[in-house]
Amino acid sequence: MPVMDGWQFLEEFNKHEDLKKVITVIIMLTTSVNPADVAKTEKIFGKAHYHYKPLTLEMINEIITEHFPENL
């Protein structure tokens, strides 16, 4: 991301109570396999969906099926 990284985004997002009231799906796409990164994400945001690069068509289909079934 050109202006901030994913961690900064989650921290800023978490500051906005009005946004947290809206149903929002945040999916982290990362190259990190460090379990501490998953823990850090959950500490900042709560339950975020964490996926590892590279993004595949199968991953996209799983995300759509889980979070946006009405769009199938």
Only one of (1) free of Cβ contacts under 8 Å to residues at least 24 places away in the same chain; (2) in contact with a helix residue (DSSP H, G or I) (Cβ under 8 Å, 6 or more places away or on another chain); (3) exposed (fewer than 12 other Cβ atoms within 10 Å of the Cβ) fails for Ile64. Which number is that?
(3)
Within the stretch 46-59, is even one residue surrounded by 14 or more Cβ atoms within 10 Å (Cβ to Cβ) and out of contact with any strand residue (DSSP E or B) (no Cβ under 8 Å at 6 or more places or on another chain)?
no
Given the conditions (1) at positive phi; (2) touching a residue at least 24 places away in the same chain (Cβ under 8 Å); (3) not aromatic (Phe, Trp, Tyr), which single one is not true for Gly46?
(2)
Return the total of residues in the stretch 18-32 being among the charged types (D, E, K, R) and either at pLDDT 80 or above or under 26 Å from Lys53 (Cβ atoms) (or both).
1
Restricting attention to the stretch 48-72, which residues are assigned to a loop (DSSP other than H, G, I, E, B), within 10 Å of Ile27 (Cβ to Cβ) and more than 11 Å from the chain's Cα centre (by Cα)?
Leu55
Give all pairs with beta carbons closer than 7 Å in which a residue from the stretch 16-36 that is of a type in the set (Ser, Thr, Tyr) meets a residue that is in a helix (DSSP H, G or I); count only pairs at least 6 apart in sequence or on separate chains.
Thr30/Asp37
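The values are calculated or read from the model by the stated rules, or taken from the named source; none is laboratory data. On a predicted model such as this, the values are computed, not experimentally measured, just so you know. We place every Cβ from the backbone using ideal geometry, glycine too, and count neighbours over all the protein chains shown.
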